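Input: a single structure, listed below in structure tokens.
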Amino acid sequence: MVQRGLLSTLSQHVSDCAPAYRYAVIADATVFAHHGDVLQRGFPSDRTLFLTVPPGEREKTREQWARLTDALLEWGAGRDTTVVAVGGGVVCDLAGFVAATFMRGVPVVQVPTTLLAMVDASVGGKTGVDTAAGKNLVGAFHNPAAVIVDPDVLLTLPLPTFRSGLAEMIKHGVLASESYFEALNLALPELAGETGALAQALPQLIADSIGIKANVVIDDEREGGVRQTLNFGHTIAHAIEQQAGYGMLHGDAVAIGLVVESEIAVQLGIANATVGQRVREAVLRAGLPVKVPSGINLSRVLSATYGDKKARSGVARYALPQRIGAMTPGDGAWSVGVSDEVAGAALKRHS
């Protein structure tokens, strides 16, 4: 459900999609500071618990999961509870994992408040937390009862945070739809500007991006095949994030990953040079980085790719584009094993 103004009637939409006796609203603390009064409107005060999580990827931990689940137990929540996740990707993943594991699973409604969360984290049912060994290595698949998207909440986002969501939208165009990629590309100068959140084209572009991801997930819910194409850009991105101590925006890391992994596809002869050029140009038009941050050790980035959940049999695997709108099936697993030599050369070129 994508529509401006939905947040003002959130409680009604939640009760329609996932009716419950109790509601546990888990929100990003910054989001709650901006929208707390609106979020509380309509929920039964005696049967609703509001919990907040500090912003930032560093909060997506097992310790936060334990704090939240303990709070639910202390409050007396049971299987009659619906969890409502309100925030960016961190809260979507974390609260989703709480819902997936509390009482062996209760319903969750995702209410993403960043562009990245709207088009990625809230869709597809992946939940989890990070560990010192890597991102999202502890988690569960738990599909939301509903995803409620109000583009108006994007007006309060800092511009860099808003822009970071454009990386996932670029990714969706590359992996599934050249027409969407071109429509997005035309809108990127406006979207990347100071008033991008007000762009008339934004709600439809969000809806189309969600549709692309949802269609892939429907075909492969548990990531045994074609869903792995959604990992395009993420083998490198997750490794960079880990080496940066999770101190950078996820979308910025994904943007770099898209450029580097497109270069890998070109070097392997999977894609022609035009593909790498078009991806890089789109990332630049979005105002996103195309180079690995200074101070990041490239050898350690390569080593971190082996700890990613996409690695198989000691080989780092990458989802790579054949052209704009189509990914390579590889050996049928929709990913390709890539040597350190090739991946390292692509990293060095973009550092």
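The values are calculated or read from the model by the stated rules, or taken from the named source; none is laboratory data. This structure is a prediction, so every number in the text was calculated from the model and none was measured. Virtual Cβ from ideal backbone geometry, glycine too; neighbours counted across all protein chains shown. Areas reflect the complete protein model, heavy atoms only, side chains present, ligands, DNA and RNA absent. Shrake-Rupley method; radii C 1.70, N 1.55, O 1.52, S 1.80 Å.
From the alpha carbon centroid of the range 105-164 to that of the range 173-204 is 20 Å. Compared with the alpha-carbon gap, the fully stretched path from residue 34 to residue 190 is longer by 53.7 nm at 0.36 nm per residue. Find how many whole Å separate the alpha carbon centroid of the range 35-65 from the alpha carbon centroid of the range 255-278. The distance from the Cα centre of the range 255-278 to that of the range 35-65 comes to 40 Å. For residue 146, nonlocal amide neighbours, meaning residues 5 or more places apart or on other chains whose placed amide H falls under 5 Å from its own, are 110.
Quote the charge dipole size of the chain about the Cα centre in Debye, to the nearest 20; the model charges only the Cβ of Lys and Arg (+1) and of Asp and Glu (-1). Please list the in-between numbers first.
Values: 29 positive and 34 negative charges, 107 e Å.
Here the chain has a charge dipole of around 520 debye.
What is the sum of charges around residue 115, taking Lys and Arg as +1, Asp and Glu as -1, for the other residues whose C-beta is under 11 Å from the C-beta of residue 115?
Details: positive: 163; negative: 120, 168.
Surrounding charge for residue 115 is -1.
Checking the Cα-Cα distances for 135/291; 135/213; 126/213; 213/348; 213/291 against a 23 Å cut-off, the pairs over it are 213/348; 213/291. Among the chymotrypsin sites (Phe, Trp or Tyr not before Pro) in the range 1-110, those placed in a DSSP loop whose Cβ has at most 14 other Cβ atoms within 10 Å are 21. Give the carbon-plus-sulfur fraction of the accessible surface of the range 236-298 in %, rounded to a whole number; probe 1.4 Å, heavy atoms of protein chains only. Solvent-exposed carbon and sulfur of the range 236-298 make up 47 percent of the total.
Each of the peptides 145-158, 230-243 was scored by the mean count of other Cβ atoms within 10 Å over its residues; in descending order, highest first, they stand as 230-243, 145-158. Once backbone amide H atoms are built at 1.01 Å from N, residue 52 has 27 as its partners under 5 Å, excluding neighbours fewer than 5 places away on the same chain. Only Cα pairs under 8 Å and 6+ residues apart enter the sum, and on that basis the relative contact order of the range 80-207 stands at 22 percent. Taking every alpha-carbon pair under 8 Å whose residues sit at least 6 apart, the chain reaches a relative contact order of 15 percent.
Using the reciprocal of the averaged 1/r over all distinct C-alpha pairs, how large is the Kirkwood radius of the range 227-348 in Å? Display every interim value, and only then the final one.
Values: mean 1/r = 0.0712 Å⁻¹.
Result for the range 227-348 stands at 14.1 Å.
Karplus-based coupling profile of the range 50-62, in residue order and whole Hz: 10, 10, 10, 10, x, x, x, 4, 5, 8, 8, 10, 5, with θ = phi - 60° in 6.51 cos²θ - 1.76 cosθ + 1.60 and x standing for Gly or Pro. Computed from phi, the 3J(HN,Hα) profile of the range 201-206 under the Karplus parametrisation 6.51, -1.76, 1.60 (θ = phi - 60°) reads 7, 4, x, 5, 5, 4 Hz, with x in place of Gly and Pro.
Near the amide H of residue 128, within less than 5 Å, lie the amide hydrogens of 94, 97, 140, all on another chain or at least 5 residues away, with H placed in the peptide plane. What the chain shows is 39 Å² of accessible area per residue, with the surface traced by a 1.4 Å probe over protein heavy atoms.
The fraction of accessible area contributed by carbon and sulfur in the range 38-192 is 53 percent, rounded to a whole number (1.4 Å probe; ligands and nucleic acids excluded). Run the paramagnetic zone check for residue 342: 7 angstrom along Cα to Cβ, then residues of the range 171-200 with backbone nitrogen under 18 Å. Within reach of a label on residue 342, which here means backbone N under 18 Å from a point 7 Å along Cα→Cβ, the range 171-200 contributes nothing.
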